[in-house]
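All remarks here apply to the structure that follows.
The values are calculated or read from the model by the stated rules, or taken from the named source; none is laboratory data. All figures in this text were calculated on a predicted structure; none of them were measured in a lab. Cβ placement follows ideal geometry from the backbone for every residue including glycine, while neighbour counts extend to all protein chains displayed.
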Amino acid sequence: MNEFLDWFVRTLASAYVVYTLVGVGNAIIERSGVLNLGIDGLFMLSASLAYTYAIQMSSLIQTGFLAVGISLLLTAATTALLYSLFMVLNTVLPISQGAIGLSFMFVGYGLAAIVGNIGRLIFSLQRVRIEYISITHVSAVFIYLTTILAVLLAYLLLYKYKLGVLIRAVGEDPRLVSQIGVNVTYVRLLSGLLGGAFIGLGGALFTLWRVGGWSQGQGLNHGWLAYAVSIAGWRFPPLVALVSIFFSAAYVLLPHLQSLGMPIEVSTAAPYITSIVLMVVVSTLHRKSRLLADPKSLGRSFYREEQV
Amino acid sequence: MVKISLVITKRYKRTIIESTPVILMGSLLTGLVMSYLIIWATVGLDPLSFFTTFYQTLVSYTGLLESLLFLTILGTAISIAFYGSYWNVGAEGQYVLGMLGAIYVVMFSPLSGFLSGNDLVSAAVLKLAAILLGGALGALWSLIPGLIKVFTKISEIPIMLLMNYIAYSLSDYLTAGPWKGRYTYGYIRTDMISESARLTVIPGLETLRYEVVIAAIVVLVSIYLILDHTLLGLKIKFLGTNPTALKSSGFDERKVTVSVATISGFIAGLAGAMRLLGYDYRLPYNIGDGKTGFYGYTAILVAWLSFRDIRFIVPSAIIVSALSSFGYRIQMSLKGLLPPGISAYAFSQIFIGTTLIVYTLTRITKEFSVKLVIRR
């Protein structure tokens, strides 16, 4: 039983936390009407940032636990800042969101490789040891509860507070909202800060908890998997958290079917097939509900002549 | 109170500085300098050897021709998709599907037994069928995200990127399973295709094949003609620049998206089929591990640099193939300098990333003027 619990926490729970956090972050961003196509690059970057921060912090601070905690926060803050830049560029520039998203994706991949390798360099010079978040059940339960709380907060913020209402309104019709005197760029910047913090935290936990180390190309594609979870959860935080349960279970359990005679190539492709099917099936279901519908101006360029 | 704001206005007069070649070269130079600075900051490579390597790459062109042709074909495929705001980042997967189609026709289909004779006509028919099926499979692979985009409004980008990995797995499944070769010295891979099914080597230029050269020219010219001289081309351009106008003039936006997806995927599949028939001759296992040369991804850069201008495809392809060769050479000269565990691959990624973002931002100045206004 203990062995099972250990396996459960190490694989399923950590996958769940990462995909939920990143999925909810993506929901906050896309609810404001910006297509978040930089997600995979920025997720990969945050996974590398967490490693390098943790190395640097561990060499500065003797308490391992504190060092990892601080690097979690630093990663979240850095990703939030990058996302706010992403949102501002997407709002003020007269260029398609697909173009900016792809650019950010590539820049993210490149920077992730650089940042992670810088961490390695520091490591080879100083030989510090990172206290990765251990798989003890206490810390797992703590992170688990924090995730649930974060999802709840995201829900309250988006649906019960003025800022969230503004974010969603901007996602529906930015021109209308700006005509009543709201600064669209500012609202999107805030949603980028919030969503980016979620995504950064997810990326950091991916490195410092789920994997417990860093290697070249770490985190590649996991951003897209979380994106799929987010779309399949109708970009609605509680539902994202719910869909994430099924998705992480499928993701963790499907490779085990290999022992039942499934070819390895099929189980490798299974998470990707699952995400595509999940996105497609879900998006054909929700046409009727206003609450769950896609933001109307998602992916449309918000640009006016003489923007002052 | 001081108020700072960004003012963006449409440009009506164009100046020489805003022309496409200048922006192209400018962002490449910026990318080059940025990646040099990063290399310099991390390992301290001296500027002389960095730029000498760059110069040597540009001077030696023979090795570049092969990748130039493939990047031209794939770049055209992606470019026409970009014209219609269909962000075809799935060319890699379509390319792999093209390979699968080609090897199926020449090795496993009933046609291959039927046309196994060594006479020229049956070999030509076999090759043509292989290339066409490769193209068709590529088109099919691109049609899936296209239809998903049209019917569910999910962005095609994540779907395509995920489908690239599915394509790799599909190829590996076939290579290790039903198509596993008998004469492979213990490796997992398919057998070689027969001599008669291979493309013709150009005497004197061993890296080139007649069919590939012809295909590159045909693809480039026909896409140029489609875009500039047909109604479909006009509709594609409208879809990319002003979809509302397309809709209000009575055309179905969805049909245009689907046709763009099909054309783009077909050309990418064509390239994959030719790669298999002309160069690889067999399918390796673990194809996603760099064995495709990542042409499908590199070609995104080609399409990007020539953004919505088909005339710049070939110059961009020359630049990009020179750069990937440069990346390879710089890895060689970095080899002794880098500490263990650090790969030079990171630098080519950062280079691509910086070039893309600088280009994206500067090309805005071609059509819009951006000013910072400070008011009191």
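Would you please name the residue that is nearest to the other protein chains (Cβ to nearest Cβ), looking only at residues in the stretch A:133-162 that are at pLDDT below 80 and not in a helix (DSSP H, G or I)?
A:ILE133
Look at A:ILE130 and say whether it is of a type in the set (A, V, I, L, M) and closer than 30 Å to A:ASN2 by Cα.
On the way: of a type in the set (A, V, I, L, M): yes; closer than 30 Å to A:ASN2 by Cα: yes.
When the stated conditions are applied, A:ILE130 passes them.
Take the residues of the stretch B:123-177 that are hydroxyl-bearing (Ser, Thr, Tyr) and under 23 Å from B:GLY84 (Cα atoms): which is modelled with the highest pLDDT?
Of the residues in the stretch B:123-177, the ones hydroxyl-bearing (Ser, Thr, Tyr) are B:142, B:152, B:155, B:165, B:168-169, B:171, B:173, B:175.
Applying the additional criterion that residues be under 23 Å from B:GLY84 (Cα atoms) yields B:142, B:152, B:155.
On the way: B:SER142: 96, B:THR152: 86, B:SER155: 84.
Ranking the candidates gives B:SER142 first.
If A:LEU85 meets every condition in (1) more than 19 Å from the chain's Cα centre (by Cα); (2) surrounded by fewer than 23 Cβ atoms within 10 Å (Cβ to Cβ); (3) under 25 Å from B:VAL7 (Cα atoms) apart from one, which number is that one?
Status for A:LEU85: all satisfied but (1).
Could you say whether any residue in the stretch A:201-214 is under 20 Å from A:LEU158 (Cα atoms), in contact (Cβ under 8 Å) with a residue 24 or more places away in the chain and more than 9 Å from chain B (Cβ to nearest Cβ)? Give the derivation first.
Kept after step one, since they are under 20 Å from A:LEU158 (Cα atoms), are these residues of the stretch A:201-214: A:201-202.
Now narrow it down to the ones that are in contact (Cβ under 8 Å) with a residue 24 or more places away in the chain: A:201-202.
Imposing the further condition that a residue be more than 9 Å from chain B (Cβ to nearest Cβ) reduces the set to A:201-202.
The answer is yes, given that some residue of the stretch A:201-214 is under 20 Å from A:LEU158 (Cα atoms), in contact (Cβ under 8 Å) with a residue 24 or more places away in the chain and more than 9 Å from chain B (Cβ to nearest Cβ).
Please determine, by comparing only the residues of the stretch A:104-113 that are in contact (Cβ under 8 Å) with a residue 12 or more places away in the chain and within 7 Å of chain B (Cβ to nearest Cβ), which one is nearest to B:ILE300 (Cα to Cα).
The first filter runs over the stretch A:104-113 and keeps only residues in contact (Cβ under 8 Å) with a residue 12 or more places away in the chain, leaving A:104-109, A:111-113.
Now drop any that are not within 7 Å of chain B (Cβ to nearest Cβ), which leaves A:106-107, A:109, A:111, A:113.
Values: A:PHE106: 11, A:VAL107: 14, A:TYR109: 15, A:LEU111: 19, A:ALA113: 20 Å.
Result: A:PHE106.
So in the stretch A:92-101, with the set limited to residues that are in contact with a Gly (Cβ under 9 Å, 6 or more places away or on another chain) and at pLDDT 80 or above, which one is farthest from the other protein chains (Cβ to nearest Cβ)? Quick ask: steps written out before the conclusion?
So the first thing to find is which residues in the stretch A:92-101 are in contact with a Gly (Cβ under 9 Å, 6 or more places away or on another chain), and the list is A:96-98, A:100-101.
Remaining after also requiring at pLDDT 80 or above: A:97, A:100-101.
Numbers: A:GLN97: 9, A:ILE100: 7, A:GLY101: 7 Å.
My answer is A:GLN97.
For the stretch B:108-122, which residues satisfy the criterion of being of a type in the set (A, V, I, L, M) and surrounded by fewer than 20 Cβ atoms within 10 Å (Cβ to Cβ)? Steps first, answer last, please.
To start, the set of residues in the stretch B:108-122 that are of a type in the set (A, V, I, L, M) comprises B:111, B:115, B:120-121.
Residues satisfying the conditions are B:LEU111, B:LEU120, B:VAL121.
Report yes if some residue within the stretch A:37-46 is within 14 Å of chain B (Cβ to nearest Cβ), under 27 Å from B:VAL358 (Cα atoms), in a loop (DSSP other than H, G, I, E, B) and under 17 Å from the mean Cα position of the chain (by Cα); otherwise report no.
yes
Step by step: first the residues of the stretch A:258-281, then only those that are assigned to a helix (DSSP H, G or I) and of a type in the set (Gly, Ala, Ser), then the one that is nearest to A:TRP234 (Cα to Cα). Which residue is that?
Here is the first cut: in the stretch A:258-281, the ones assigned to a helix (DSSP H, G or I) are A:258-260, A:264-281.
From the residues that got through so far, the ones that are of a type in the set (Gly, Ala, Ser) too are A:259, A:267, A:269-270, A:275.
On the way: A:SER259: 34, A:SER267: 26, A:ALA269: 24, A:ALA270: 22, A:SER275: 13 Å.
Among them, the one singled out is A:SER275.
Does the stretch B:233-261 hold any residues that are among the hydroxyl-bearing types (Ser, Thr, Tyr), surrounded by fewer than 17 Cβ atoms within 10 Å (Cβ to Cβ) and in a helix (DSSP H, G or I), and which are they?
Of all residues in the stretch B:233-261, those among the hydroxyl-bearing types (Ser, Thr, Tyr) come to B:241, B:244, B:248-249, B:257, B:259.
Cutting the leftovers down to surrounded by fewer than 17 Cβ atoms within 10 Å (Cβ to Cβ) gives us B:241, B:244, B:248-249.
Residues satisfying the conditions are B:THR241, B:THR244, B:SER248.
So for the stretch A:244-254 (the condition being more than 30 Å from A:THR91 (Cα to Cα), in contact with a helix residue (DSSP H, G or I) (Cβ under 8 Å, 6 or more places away or on another chain), within 10 Å of chain B (Cβ to nearest Cβ) and not basic (Lys, Arg)), does at least one residue qualify?
No; the residues of the stretch A:244-254 include none that is more than 30 Å from A:THR91 (Cα to Cα), in contact with a helix residue (DSSP H, G or I) (Cβ under 8 Å, 6 or more places away or on another chain), within 10 Å of chain B (Cβ to nearest Cβ) and not basic (Lys, Arg).
Return only the number of the condition from (1) surrounded by fewer than 20 Cβ atoms within 10 Å (Cβ to Cβ); (2) farther than 25 Å from B:LYS371 by Cα that A:ARG175 does not satisfy.
Checking A:ARG175 against (1) surrounded by fewer than 20 Cβ atoms within 10 Å (Cβ to Cβ); (2) farther than 25 Å from B:LYS371 by Cα, the one that fails is (2).
Quick one: in the stretch B:158-182, of everything that is in a helix (DSSP H, G or I), within 7 Å of another protein chain (Cβ to nearest Cβ) and not aliphatic (A, V, I, L, M), which residue is surrounded by the fewest Cβ atoms within 10 Å (Cβ to Cβ)?
B:TYR173
Which residues, counting only those in the stretch B:296-313, are part of a helix (DSSP H, G or I), surrounded by 23 or more Cβ atoms within 10 Å (Cβ to Cβ) and among the hydroxyl-bearing types (Ser, Thr, Tyr)? Before the answer, list the steps.
Initial filter on the stretch B:296-313 (part of a helix (DSSP H, G or I)): B:296-305, B:310-313.
Checking which are surrounded by 23 or more Cβ atoms within 10 Å (Cβ to Cβ) leaves us with B:296, B:298-305, B:313.
Answer for the stretch B:296-313, where residues must be part of a helix (DSSP H, G or I), surrounded by 23 or more Cβ atoms within 10 Å (Cβ to Cβ) and among the hydroxyl-bearing types (Ser, Thr, Tyr): just B:THR298.
For residues that are of a type outside the set (Phe, Trp, Tyr), within 12 Å of the chain's Cα centre (by Cα) and under 22 Å from B:LEU143 (Cα atoms), tally how many sit in the stretch B:261-300.
Just the residues of the stretch B:261-300 that are of a type outside the set (Phe, Trp, Tyr), to begin with: B:261-265, B:267-278, B:280, B:282-284, B:286-293, B:296, B:298-300.
Applying the additional criterion that residues be within 12 Å of the chain's Cα centre (by Cα) yields B:264-265, B:267-269, B:271-272, B:292-293, B:296, B:298-300.
Now narrow it down to the ones that are under 22 Å from B:LEU143 (Cα atoms): B:264-265, B:267-269, B:271-272, B:292, B:296, B:298-300.
Looking only at that region, the number is 12.
Looking only at the stretch B:51-97, how many residues end up being in contact (Cβ under 8 Å) with a residue 40 or more places away in the chain and part of a helix (DSSP H, G or I)?
Counting residues in the stretch B:51-97 that are in contact (Cβ under 8 Å) with a residue 40 or more places away in the chain and part of a helix (DSSP H, G or I) gives 32.
Scan the stretch B:63-112 residue by residue and report those that are more than 14 Å from chain A (Cβ to nearest Cβ), β-branched (Val, Ile, Thr) and under 9 Å from the mean Cα position of the chain (by Cα).
B:THR72, B:ILE73, B:THR76
In the stretch A:224-248, what residues are within 19 Å of A:ALA293 (Cβ to Cβ) and in contact with a Pro (Cβ under 6 Å, 6 or more places away or on another chain)? If you could, list the steps in order and put the result at the bottom.
First, pick out the residues of the stretch A:224-248 that are within 19 Å of A:ALA293 (Cβ to Cβ): A:227-240, A:242-243.
Scanning the stretch A:224-248 gives a single hit, A:TYR227.
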